[in-house]
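Here the structure comes first, spelled out in structure tokens, and everything after it is commentary.
The values are calculated or read from the model by the stated rules, or taken from the named source; none is laboratory data. Since the model is a prediction, treat every value here as computed from it, not as a measurement. Because the Cβ atoms are built from the backbone with ideal geometry, glycine has one as well, and the counts that use them run over all protein chains shown. For the accessible areas, the whole protein counts, side chains as well, though only heavy atoms, and no ligand, DNA or RNA atoms are used. Shrake-Rupley method; radii C 1.70, N 1.55, O 1.52, S 1.80 Å.
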Amino acid sequence: MSSRKHRGHENMENLCPVTRKRSTSKSLAVAAGALLSATKTSHYEHTSSPSALTYEALEEMGVGMLDSEESSSSAMSAIALVVSTSATSDDNSNETTPHANVARMSHQQPQRLSLSSTADTTLDSSGSNTTIIDDVQQKLQALAQAKRSALGSECSSNSNSPSKRTRNPLVAVSCNNQCDTAAPLNMQPSTSRQALRQPKKPTAAPTPHLANSLVGKDSFFVYRTAPMSAHISSGINYFDKLSDEILLDIFRWLPKKTLLRMATVSRRFNQCSRDETLWTRLDLGLRTLCPAALEQVVRRGVLVLRLAQANIQEPAFTPLASDFKCRLQYLDLSMTSISRMSLRTLISQCRQLKKLSLENAELNDEICAEIAKNKSLEALNLTMASGLTARSVRLMMESLTNLNSLNIAWTDLSADAVTALVTHISSNVIRLNVAGCRRVLFDSHVKSLQTRCPQLLELDLSDCNSLTPAAIEAIMQFQMLEYLSVSRCYLIPAASFIELKDMSSLTYLDIFGMLSDAAMEALEQQMPKMGINKFIHSSVSRPTVGSRRTSVWGLRTRD
């Protein structure tokens with residue numbers, strides 16, 4: 001056990017030599033003689049180190065110190081190899097020198113012996129100290145070069161051999177630098193002058209198996225991208241081989257914004273993207289349309305168009321906009337900001353409208369005349385519209401014979417306009433809202449309405465505060481009436497509402513603001529099968545009801 005500790009201590013000394021003080025009193029001749037006498041010995045002992053063999057001397061010999069990144073043990077082992085071959089003892093020094101095992105470097109002894117005999121002859125033949133020192137330095141440099149060449153040849157084949165237990169101290173230099181096993185080991189320290197001058201050797205070619213794997217990985221995308229880009233290099237456009245029907249079937253799955261971008265790809269795409277089948281419905285609610293944008297939308301052949309609360313900038317149509325006719329059938333312009341001129345131009349191009357909403361729109365006789373030309377109009381919403389006159393109301397009621405739903409509430413109609421309404425309204429109307437006709441709608445108008453439209457299902461007379469109990473008697477003549485609203489008709493007493501229980505068809509009754517809570521409970525007990533005050537707002541001819549903001553009259557406006 002003690003011998004192992006002693007060996008470990010010797011190995012630590014070999015790898016980590018202590019710092020030595022250079023003697024300034026010793027002459028160069030004495031140092032050279034000590035070096036030459038050391039080369040003559042053939043046994044390594046714990047002898048003193050020559051003072052001339054310092055780091056500077058090793059640098060001149062071509063053996064420089066390793067970089068700080070490399071292993072310090074490998075660096076000291078490399079220096080110990082040179083020291084073991086060039087010095088054994090010094091009589092003028094009392095310090096010990098690390099020694100190396102002779103058996104590990106036995107193949108280098110012939111060179112050391114030949115050099116020692118040559119150095120001895122040179123020392124005996126020359127009497128000049130300067131000549132001796134120069135010769136010694138030259139021989140030492142030759143010796144170091146020979147050792148490096150010998151180590152390089154030996155380590156390339158035997159350093160990694162499992163049969164040999166000897167370890168080359170410079171192998172760690174290559175290992176720390178993560179060199180490939182196939183590449184030759186560089187036995188020179190990296191900071192030496194010769195190592196810096198030596199060009200880098202090309203790395204060895206990979207094995208055939210490794211080369212095949214690398215080629216496969218590099219060519220992974222090449223093999224797959226080449227067929228995809230073949231039509232580009234060959235100039236073949238595969239879209240030209242597709243029929244228009246197939247392109248339209250692909251385009252119909254695209255959003256409207258993407259369709260507009262596809263129109264800029266090519267002339268054929270532009271033509272296909274303008275097909276009417278791709279623009280059947282469009283929702284532009286709450287949007288701002290640039291000038292002439294509405295004309296482009298209408299030219300696409302849209303059937304269902306929602307422009308609720310949209311802002312249409314002027315001019316909405318170009319001066320030559322009268323040369324086309326749109327295909328609009330369902331148009332929602334509720335709360336839309338549009339001028340009367342643009343609205344007239346838009347309605348003048350529409351002749352196939354089935355349902356139209358102009359809520360809170362500014363109208364005039366010309367616009368109403370254009371509305372009247374849509375003979376197939378079924379639902380018309382004019383809630384809070386302004387500009388209606390007796391003439392325009394009469395013209396529309398006489399022309400719109402297929403009208404079955406009309407909302408003309410809160411339009412500030414005159415008495416003459418109300419008379420024209422109830423006198424010329426189509427008999428096909430089954431839903432009517434004339435709320436807000438204060439002091440202009442009387443009991444006689446209700447009687448005329450019952451005569452003109454006996455098939456009414458819904459009737460809203462809210463806020464018509466000129467009605468009296470005589471109006472209730474006229475209302476009870478409707479045989480099919482299901483919904484009635486007489487909210488805030490203050491001239492009608494509560495007892496008149498009880499008479500409505502004799503109407504078998506009446507299902508809902510709205511009388512907001514007419515009765516107290518106690519009277520309401522009593523009325524509900526008298527009419528248990530009738531729903532009272534169930535609807536706050538009227539849905540007659542309105543395009544959107546409740547939370548369905550993406551559809552108009554039950555039709556989707558978005559794809």
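Using Cα-only point scatterers and the Debye equation, what is log10 of I(q)/I(0) for the range 245-326 at each q in 0.15, 0.17, 0.25 Å⁻¹, rounded to two decimals?
Log-scaled intensity ratios, in q order: -0.58, -0.74, -1.30.
In nm, to one decimal, how far is the Val265 label point from the Ala470 one, both placed 7 Å along Cα→Cβ?
Result: 7.2 nm between the two label points.
Between Asp416 and Arg549, how high is the FRET efficiency from 1/(1 + (r/R0)^6) when r is the Cβ-Cβ distance and R₀ = 41 Å? Nearest 0.05.
For Asp416 and Arg549, the calculated efficiency is 0.65.
Place a +1 charge on the Cβ of each Lys and Arg in the range 283-399 and a -1 charge on the Cβ of each Asp and Glu, then give the dipole magnitude about the Cα centre in debye, rounded to the nearest 20.
So the dipole magnitude of the range 283-399 works out to roughly 360 debye.
Among Lys501/Lys534; Lys373/Lys534; Lys257/Lys325; Lys355/Lys529, which pairs are too far apart, with a Cα-Cα distance over 27 Å?
With Cα atoms farther than 27 Å apart: Lys373/Lys534; Lys355/Lys529.
Could you order the peptides 408-414, 289-295 from most to least packed, using the average number of other C-beta atoms within 10 Å per residue?
408-414, 289-295
Net charge around Met262, counting only other residues with Cβ within less than 15 Å of its Cβ (Lys, Arg = +1; Asp, Glu = -1)?
Within the 15 Å Cβ shell, the charges total +4.
What is the range 239-286 by shape, rounded, prolate or oblate, if you read a ≥ b ≥ c off the alpha carbon gyration tensor as root eigenvalues and call it rounded for a/c under 1.5, prolate for a/b larger than b/c, and oblate otherwise?
In terms of gyration-tensor shape, prolate.
I'd like the Karplus ³J(HN,Hα) series for the range 305-320: coefficients 6.51, -1.76, 1.60, θ = phi - 60°, whole numbers in Hz, and an x wherever there's a Gly or Pro.
With the stated coefficients, the range 305-320 comes to 10, 10, 10, 5, 6, 8, 10, 9, 7, 8, x, 6, 9, 7, x, 9 Hz.
Count charges around Ser386 for me, please; just the other residues with Cβ under 9 Å from its Cβ, Lys/Arg as +1, Asp/Glu as -1.
Combined, the nearby Lys, Arg, Asp and Glu give -2.
What percent do you get for the relative contact order of the range 291-418 when only Cα pairs under 8 Å and 6+ apart count?
So the answer I get is 19 percent.
Could you give the nm distance between label points at Arg274 and Gln296, where each point is 7 Å from its Cα heading toward the beta carbon?
The answer from the label model is 1.2 nm.
How about the range 513-559: which trypsin sites (Lys or Arg not before Pro) there lie in a loop by DSSP and see at most 15 other Cβ atoms within 10 Å?
Sparse-neighbourhood loop trypsin sites (Lys or Arg not before Pro): Lys529, Lys534, Arg548, Arg549, Arg558.
Loop-only chymotrypsin sites (Phe, Trp or Tyr not before Pro) in the range 269-326, please: DSSP not H, G, I, E or B, and at most 13 other Cβ atoms within 10 Å.
Phe324
Let a ≥ b ≥ c be the square roots of the eigenvalues of the Cα gyration tensor of the range 438-502; is it rounded (a/c under 1.5), or, if not, prolate (a/b larger than b/c) or oblate?
Note, shape of the range 438-502 comes out oblate.
Using only Cα atoms, what is the ratio of the radius of gyration of the range 343-494 to 2.2 N^0.38 Å?
With N residues counted in the range 343-494, Rg over 2.2 N^0.38 Å equals 1.00.
Please list the non-local residues whose amide H lies under 5 Å from the amide H of Leu289, H modeled 1.01 Å from N, same-chain partners needing a gap of 5 or more.
Amide H neighbours of Leu289: Asn311, Ile312, Gln313.
Pull out a ≥ b ≥ c, the square roots of the eigenvalues of the alpha-carbon gyration tensor of the range 355-431, then state rounded if a/c is under 1.5, prolate if not and a/b is larger than b/c, and oblate in the remaining case.
rounded
Using the Karplus curve 6.51 cos²θ - 1.76 cosθ + 1.60 with θ = phi - 60°, what ³J(HN,Hα) values do you get for each residue of the range 414-431, in whole Hz, with x for Gly and Pro?
With coefficients 6.51, -1.76 and 1.60, one gets 7, 5, 5, 5, 5, 5, 5, 5, 6, 8, 10, 5, 5, 6, 7, 5, 10, 10 Hz.
With N denoting the number of residues in the range 488-559, provide Rg(C-alpha) divided by 2.2 N^0.38 Å, to two decimal places.
Ratio of Cα Rg to 2.2 N^0.38 Å: 1.47.
Highest mean first, how do 469-479, 330-340 rank when packing is the count of other Cβ atoms within 10 Å averaged over residues?
With the highest mean Cβ count within 10 Å placed first, the list reads 330-340, 469-479.
Roughly speaking, what is the centre-to-centre gap between the range 369-400 and the range 330-353 when only Cα atoms are used, to the nearest Å?
After rounding, the separation between the Cα centres reads 13 Å.
Please identify which residues in the range 534-559 have an amide N closer than 20 Å to a label point set 7 Å out from the Cα of Arg287, following the Cα→Cβ vector.
In the range 534-559, the label zone of Arg287 (backbone N under 20 Å from the point 7 Å along Cα→Cβ) covers 543-544, 548-559.
In the range 332-451, carbon and sulfur make up what percent of the accessible area (probe 1.4 Å)?
47 percent
May I ask you to derive the relative contact order of the range 423-493, considering only C-alpha pairs under 8 Å and at least 6 residues apart, and to give it as an integer percent?
36 percent
Using 7 Å Cα-to-Cβ label points, what is the Ser539/Ala146 separation (nm, one decimal)?
Label at Ser539, label at Ala146, 11.2 nm between them.
Which whole-Hz couplings ³J(HN,Hα) result when phi for each residue of the range 498-510 is put into the Karplus expression 6.51 cos²θ - 1.76 cosθ + 1.60, θ = phi - 60°, listed in order with x for Gly and Pro?
5, 5, 6, 5, 7, 7, 6, 7, 6, 10, 10, 9, 10
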